Structure formats: structure tokens, C-alpha cells
Amino acid sequence: MDRFSLDKIMNAIIKAFNSVKEPIDLSSLSKVLSHLDIHEGVTVEDIQNQVEESLMQESYYKVAKAFMLYRQRHTEDREVMDKMQFLVEYCEASNAASGSKFDANANVEHKNIATLIGELPKSNFIRLNRRLLCDRIKKMYGKELSEKYIDLLTHHFIYKNDETSLANYCASVTMYPWLISGTTAIGGNSSRPTNLKSFCGGFVNMVFMVSSMLSGACATPEFLMYLNYFIELEYGKDYFEHADKVVDLSLKQRTVDKMITDCFEQIVYSINQPTGARNYQAVFWNISYYDKYYFESLFGNFVFPDGNKPNWEGLNWLQKRFMKWFNQERTKAVLTFPVETMALLTENNDTKDKEYGDFTAEMYSEGHSFFTYMSDNADSLSSCCRLRNEIQDNGFSYTLGAGGVSTGSKSVLTVNLNRCIQYAVNNKIDYKEYLSDIIDLVHKVQMAYNENLKVLHEKGMLPLFDAGYINMSRQYLTIGVNGLVEAAEFMGLKINDNPDYLKFVQTVLGLIEKYNKQYRTKDLLFNCEMIPAENVGVKHAKWDREDGYFVPRDCYNSYFYVVEDDSLNIIDKFKLHGYPYIQHLTGGSALHMNLEEHLSKIQYRHLLKVAAKEGCNYFTFNIPNTICNDCGHIDKRYLKECPHCHSKNVDYMTRIIGYLKRVSNFSKARQEESHRRYYNKSEIVEKVEA
Amino acid sequence: MLKYVNTGVVFQEIPDEVTLSINLSNCPNQCPGCHSKYLWQDIGEILTTEVIDSFVREYCGDITCICFMGGDNAPSDVVNLAEYIHIKYPKIKVGWYSGRQHVPSVINKMVFDYIKVGPYIQHLGCLKECTTNQRLYKRGATGSDFSDITSRFWRVPV
């Protein structure tokens, strides 16, 4: 503590005396000061607390009150100053994601007053969320655990995802309640959809409303099935057999096909708009496609309110039409949503539905970018970006619809494995014991979060649950992991398919699963996910490096392999995301297979077999698309020059997390990561000449 | 004797196949402008049938083709290995990227499913250029005739 600070304290005390017109002399001032314990490393807050106590000890109650008020004013001033500083920096930042101080994500295209309004209260939300959670932990498990939580959080052993929002994380919703009673039950004013037009308009509104009550993604796995139902109502059950029939009496003479693609256009373009209620982010919208077997398993018992059953023939046509249309539309505009997942059932190391295996390969070969989810049993589904869930109830209910689609994650709390393991090893603690301790705490914190959510629910603050869009007991509490590869590297392991690395992965993830099972009850479900770490991966690397830990790269991997490692081929990567590695990741992980060039349909078809054989259940192929900054041309290939106007001023669209976006819209650190990525490339140029 | 330096899983070299490429050293062609000059030297491990077995064990079912990249210093050894693969692993196709103008007449071409011939000539470009002198042939279903499929490299991708 230097003299200057002591002077400041004295001045503050004198000011407090003066403000309440209490006389003060040197002896009473020194009495107040004599109670203070000023030592090396003491914080301003500490001193201020001591001054308050000291004033009260000396019975200067009025002065103490004035001092507290004075202190409060200064804190507020400091906060305002901080916000003003942030405002200036945000305005100067190169893009919205780099400007964001908390929870940057690339889902905001532009930086403007609306996004700034969204950024400003983020720090307050973090404080509020921490306070709410800590109070609950204290009540449930005592002060010690609450303090330990904050300690682990502030020292970056763990990371609370989405702390800047009050809402629960993400959900895959059943639309049946909407089909029966419109949006009134969730606070809207529209009645149930009755025809194709009201379905399309109402659907967009419904997705916006649902998304505004979630901090993450909203999945509508039944979207195309419902759309198909309304198209059938309009144009007959065999509409797809006469898709070229003119059904429009206007001068436009639209065909059935045109009417349908107009619906696609209305919904997709509306949902990709920035949304006011979500700080100018687009809503995160996900949909699913199914092969015949998945469809039968999920919707075999489904009945629409009018008694009709969903039709596979129509849906089969519509799924393909939508995918083809969306692929084509993406050459006209940057359309991030919906994130699509193709659900394929496997049998004997191949897709069970050969037609859908072929179609999936065809769409990849036509340059479409989407996820594939494979399972040998229709007991799980990935509907929420990459969040996988067990289907607990495939039954049908006349009020809630298909049971299998309703799921999601209430909250994600992530363990920074690299720091935890290094800390344990450096302090000669068995890392499994140390991790167990942390994982146990993480579960308790999640249960405390769950209690808080239940309170909000009881107070009627969560209409999505009340109205049946989401079922509280089918939502997971998610334990995230980050820094797994980096921790393995620290342990001296080679990051390729070898028994030692596999054992390490299984040990670490198995520990989490052990606790997930231990704490599971009929109302509490836990899963484990390798988080995409869009910004957490960068933050962890930075914090850990600052604190002297071994940090081999600037952004922790979201894969089981090192993203810049060029010695691993495509088959190796499938193996590293195969069953033995992912078996404990009950909440999923996505393999982003980065390629420089598109493959042929036959090659993709073979890779689907490879994925089925290795048990890699969730993946996508990622070939950067080129977008010309000068003429706006979008090309599905990875090019250095615009093929249209030959400009070299080109940008790329790629998936860095789940979302296909312009690289220049990612945060700075993520852009650097994307440049370092190794895209398995053609060796023709190098090898042919040998 | 053949020596290999490394392997890769490649997609562009042989159309419609998922190919394990084996890069052979000791290349006698030494084309001006070569991008893989390191393969001119006498380096790497000896490529034996045991090594082939270990590759197949590792990638069994995952690859559809094995392609020898080079080996013009010992073409009969390439043929022997190709025969070995065909007999032991009948499901796996075999390709050979040779830098010679023609396959030597003593060589039994029928042991290959794909053969690429032609040295790299800088101004004519690689297989991806329509002007290339190099050719990729695919053996027909009947097993005796080879057809030129070089134009598959020129197809404008999606």
C-alpha cells in the first residue's frame, strides 16, 4: 500500500465526515485509521470494508453510512466508465465477434447500435447469474462449496457457458401444442395454423418466440413433416406426383413446386434475419431429415389432430426437394440456418436405407453442407446442432405429439481438462482423483442451477415448459469438456489412434459418465459433450498460457485430433471420432472433416460406410465456399480467385463451429485458427510429377 | 527393390475410389519442375508384402484402392506387389502412377485397375489441366481393355 493510497483513504474518510457535518480532528482520524490492517496485497475493497467497520466501532454511524453511499457512488461511476470504455472499443473493433467482450459468437453479421445494446448488459448478467447460482449452492451444499465454485470459475478450471443470458440453453421442441392451440399458451396471439399459408407465417413467429426464451438453439425436428401435412391439405396427398401442375390462377401461373419453394423461401429467409429480441442475432434454427426407418421409429404412432397420419412418400419427396432447393439457394445468399442433420440408421456397417445413403452422398457431392447423424438403433437422435440425446419415449400423446423429438440442454458447465490435469500432475496429485473432485462439484452446481430453473418454472416464467413445447424432465444438464487433446499432449501422448491415447480418453470421459449416472434421477438427466468452444477454446488457451501452463496452440481443439496435424488422413480422423473414442460422449461431438475439394458421389458413399464401420456418429464435410467481395458471386469450391469477375478479393464461408458463416465474421482468434487448419488436399499437383 | 517414404489417403488421384497412396522414392524420371523432389533420393523403408499387409490391416474396409506413386526404378517389383494385392485382397483395386511415357512392354498391365503414364512437363501442366500430356487409364469391366479417363480430372466441380 503506497502513500498515495493512504492519502486517498484519509481524504475519503474526511469527505464522509464533512458530508454529514460531523466534526473531525487529527486524533479521531488516527483512531479510525488505527483499526485498519494495511498489508501487502490488500485490495481496495478490503480497506473500504475495514474503514466501514472502523467507523462503526468508533460509533460514527452517520459517517459510516455516508461512507458507504460515497463508496457505492464511486463503484457506479467506475462501472459507467468501464461501459463507456467498452462502447468506444466496440465501435473500433474489426467485427462484432472480435468486439464482444463476453461470449463472442460469430452469429452476428454486422456491428451496429442493436448489437451494441446487446453487449452492454452482458457483464451484469454474468454477475446476476453467479449470484443466483451461488445463493442456491449455499442453501443446498453450504458456503464452502459455493466459494469453491467461484474459485474454480475465476481460476478457469471450469467455465460456465452462456452466463450472459438468463434463459435455459437449447431445446428441440415438439410443435404439437402449437398445432392444437397456436401461440397463445406461450404469450402470443395467433391461433393454430389451419392451412399452408398460416403454417408458414405462424411457424416463423413461433420459432422467434421460442428462441427468445432460450439462450441457444431451437430445433424443430418435425418441421418438414408438418409442412408436408399442410401441403397435402392444400394440394392432395399425391401432390408430389404432379409437382409441375399449374395451381395458381394469378398471372404468375405458379406450379405446385413453385408454391412449395416459395414457402421454403418465406420461412428460410425470414428466419435468417437478425432478430431484435436476440440482440440482432439470427435465431439458431435446426431441422432434421430422416431415412425411412428413423421416420417409422419416431413418427410411426403419430396422428395429426384431424386423425391423419404422416405420409412417408410425401415427406420423402419434400425432404429431398428442400435439401436441393437450399443447396441451390446458398449460391445466391449466405444462409446459415437451418442447420440440417440427416438421421440415418445403420446396419452391417452401412446405411440401412440404401436410398437415403445414396441421397446423402449425392447431396455432399453436389456441395451441400449439412451434418449426418448415424446410429445402429433409433434410440437416439441429434437434433440440436450436435447435441445428441437418448430417446426415452417414442410414444405418441394427443396433447404433446411425438415423444422422441422433445429434448435439449438446460445448461452447460464445462471442465477445462487441460488446466485441471496439469494442475494435478504439477502438484503431485492423482489427476483422476482431482478430476473426480471437480466433476462432482460440477454436478452439484448443475443441480443447483436446476433448482433455480424450477423456481422460475413454478413462478410461471417458463411458458415453453408449461405449454408442452419442452419437457423439463427430458432436458439434460450438460457437462462440457474442452482441452482434452491438449491435456493428452501434456501427458506425453501421441494424438493418433493408439491404445495409450484411447485409454486416456476413455478414462477421462468415463469419469464424467460415472458421475452422470450416479447423479441421474427420474427428473435429472446428465450428458457429456465435447463443446464446440467457439470462443471458450480461445479463452482457455489464453488464460492457461498466462498462468504458465503448457499450451500447444492458441485455440483448444473441439476434436479428438489436432486440427493442424497434416500427418492424419481422413480415415484416421474417422477412427479418432469412432465408437471407442466417443462412447462416453453421451451429449455428442461433431467431426468436421475439412477437405480442400469436393469428392465424387461414389467416394462420399464409401465414406458413409467408413463412418458406419468406425462408429463415428456425427460428422460433416467442410469444403470452404468462396464468396467474392467485389461481385458477390458465391462458388461451392475453395478458390483463390472469383471465377465470375476474376477478382482476388475473396472471402470464404466455412463451418467453424456448427454454423456456416463468412470467415471474416468470426472473431480474430477464430479466424487465425481457421487459417491454420489442415484441409486434406489433393496430392495430384505434388505427386503426379514424381 | 522399392522403397516408400510415406502414405496418404487420397481422393483426387483415382476418381471414385478411396485410395491409399504409397509414395515411392528413387524416382529415375526427375522431371524438371517436380513438386516432390525429395522422392528423387534413395530414401525410405523397403516396401515388402509384409508392409502391404500391415497397411491393409490398418485400413481394412476403409479404402477401396491402393496406388503406387512412382516405382519406375523397379517396374517388375511394382507388378509383383500388384499381383500380390489382387490375389490376397481381391476387393482392393490397384493403381500405378508411372512417370514413363509408356508402360514397358514386358510389363503385364492386366494386374492394374488404373494406370497413369506420362512425365510431368511443366508447360503442359498436371492432370488437372486440359493441356496435360499425362493420361490416366482405367481397366474395363471385361478385364482386357483400358479406357482413357483423364477427362474426369477436367470436369468442372459443383
Practice item. For region A:159-167, take each phi angle, set θ = phi - 60°, evaluate the Karplus expression 6.51 cos²θ - 1.76 cosθ + 1.60, and give the result in whole Hz per residue in order, putting x for glycine and proline. Key: 9, 8, 6, 6, 6, 8, 10, 8, 7
Practice item. Over the whole of B:127-134, what's the average partner chain Cβ count within 10 Å per residue? Rounded to a whole number, please. Key: 2
Study note, to complete from the structure: Taking placed amide H atoms and a strict 5 Å upper bound, the residues 5 or more places from B:Tyr137 or on another chain that come that close are B:Ile115, B:Lys116, B:Val117, B:Ile149
Check your understanding: Does a label point 7 Å from the Cα of A:Ser19, set along Cα-to-beta-carbon, have any residues of region A:29-73 with amide nitrogen under 11 Å, and which are they?
Key -> A:63-73
Point to revise | Per residue solvent-accessible surface (Å²) - region B:50-137, probe of 1.4 Å | key: 44
Revision key, fill the gap. Under 5 Å from the placed amide H of B:Asn6, counting only residues 5+ away or on other chains, we find B:Asn23
Revision key, fill the gap. Any lysines whose Cα falls less than 21 Å from that of A:Lys252, other than same-chain ones fewer than 8 residues away, would be A:Lys197
**Study point:** Cα centroid separation, region A:503-557 to region A:124-185 (Å)
**Key:** 18
Check your understanding: Given Cα pairs under 8 Å that are at least 6 residues apart, what percent is the relative contact order of region A:431-555?
Key -> 28
Exercise for review: Using θ = phi - 60° and the Karplus relation 6.51 cos²θ - 1.76 cosθ + 1.60, list the HN-Hα couplings for region B:24-33 in order, rounded to whole Hz, with x at every Gly or Pro.
Suggested key: 9, 9, 6, 5, x, 6, 6, 5, x, x
Review point. If ligands, DNA and RNA are left out, what is the accessible area of A:Val42 with a 1.4 Å probe, given in Å² to the nearest 10?
Key: 20
Revision key, fill the gap. Computed over chain A, the relative contact order (Cα-Cα under 8 Å, seq sep at least six) in percent reads 14
**Study point:** Solvent exposure of region A:216-325 as accessible area per residue, Å², 1.4 Å probe
**Key:** 39
Study note, to complete from the structure: Cα-Cα longer than 30 Å, checked against A:Lys245/A:Lys636; A:Lys258/A:Lys352; A:Lys258/A:Lys636, kept in input order, equals A:Lys245/A:Lys636; A:Lys258/A:Lys352
Check your understanding: Distance from the Cα centre of region B:127-152 to that of region A:591-634, in angstrom?
Key -> 26
Review point. Can you give the average number of partner chain beta-carbon atoms within 10 Å of each beta-carbon in peptide B:33-43, as a whole number?
Key: 3
Exercise for review: With label points built 7 Å along Cα→Cβ from the Cα atoms of B:Trp154 and A:Ala93, find their separation and express it in nm.
Suggested key: 5.0
Point to revise | Amide H contacts under 5 Å for A:Glu529, placed H, 5+ residues apart | key: A:Ile479, A:Gly480, A:Val481, A:Gly587
Practice item. Can you tell me the FRET efficiency between B:Ser76 and A:Gln328 if r is taken as the Cβ-Cβ distance and R0 is 60 Å, rounded to the nearest 0.05? Key: 0.70
Exercise for review: Please figure out what share of the DSSP beta bridges in chain B is antiparallel and state it in percent, rounded to the nearest 5.
Suggested key: 55
Review point. Are there residues in region A:573-620 whose accessible area shrinks by at least 20 Å² when all protein chains are included rather than the chain by itself, and which are they (probe 1.4 Å, ligands and nucleic acids not counted)?
Key: A:Lys575, A:Glu597, A:His598, A:Leu599, A:Ser600, A:Ile602, A:Gln603, A:His606, A:Lys613
Revision key, fill the gap. Probe 1.4 Å, protein heavy atoms only: B and A together bury a total accessible area in Å², to the nearest 100, of 2900
Study note, to complete from the structure: Summed over the other residues with a beta carbon less than 10 angstrom from that of A:Thr261, with K and R at +1 and D and E at -1, the charge totals 0
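Hey, what did chain B get for relative contact order, percent, Cα under 8 Å, at least 6 apart?
On the way: 302 pairs, mean separation 28.5, N = 158.
Dividing the mean separation by the residue count of chain B yields 18 percent.
Give me the net charge for the shell around A:Phe230: Cβ to Cβ below 14 angstrom, other residues only, Lys and Arg +1, Asp and Glu -1.
-2
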Exercise for review: First select every other residue whose beta carbon is under 12 angstrom from the beta carbon of A:Cys91; then total the charges, Lys and Arg +1, Asp and Glu -1.
Suggested key: -2
Practice item. For n ≥ 4 DSSP H runs only, could you compute -39500 (n - 2.57) per run for chain A, divide by its residues and tell me the 222 nm figure to the nearest 500? Key: -14500 deg cm²/dmol
**Study point:** Beta bridge orientation in chain A: antiparallel %, DSSP, nearest 5
**Key:** 45
Check your understanding: Tell me, what HN-Hα J-couplings in whole Hz come from the Karplus equation 6.51 cos²θ - 1.76 cosθ + 1.60 at θ = phi - 60° for each residue of region B:121-130, using x for Gly and Pro?
Key -> 10, 3, 6, 8, x, 7, 4, 6, 8, 5
Practice item. First compute the accessible area of chain A with a 1.4 Å probe, then give the percent of it belonging to carbon and sulfur atoms. Key: 51
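Kindly provide the trypsin sites (Lys or Arg not before Pro) of region A:444-508 that DSSP labels as loop, not H, G, I, E or B, and whose Cβ sees at most 10 other Cβ atoms within 10 Å.
Those satisfying the criteria are A:Lys459, A:Lys494.
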Practice item. Just tell me which lysines come within less than 25 Å, Cα to Cα, of A:Lys83; anything on the same chain fewer than 8 places away is out. Key: A:Lys8, A:Lys101, A:Lys111, A:Lys122, A:Lys160, A:Lys539, A:Lys542, A:Lys668
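The values are calculated or read from the model by the stated rules, or taken from the named source; none is laboratory data. Remember, it's a predicted structure, so these values are computed and weren't measured experimentally. Ideal geometry is used to build each Cβ from the backbone, glycine not excepted, and the neighbour counts take in all protein chains shown. Heavy atoms of the whole protein, side chains included, go into the accessibility calculation; ligands, DNA and RNA do not. Shrake-Rupley method; radii C 1.70, N 1.55, O 1.52, S 1.80 Å.
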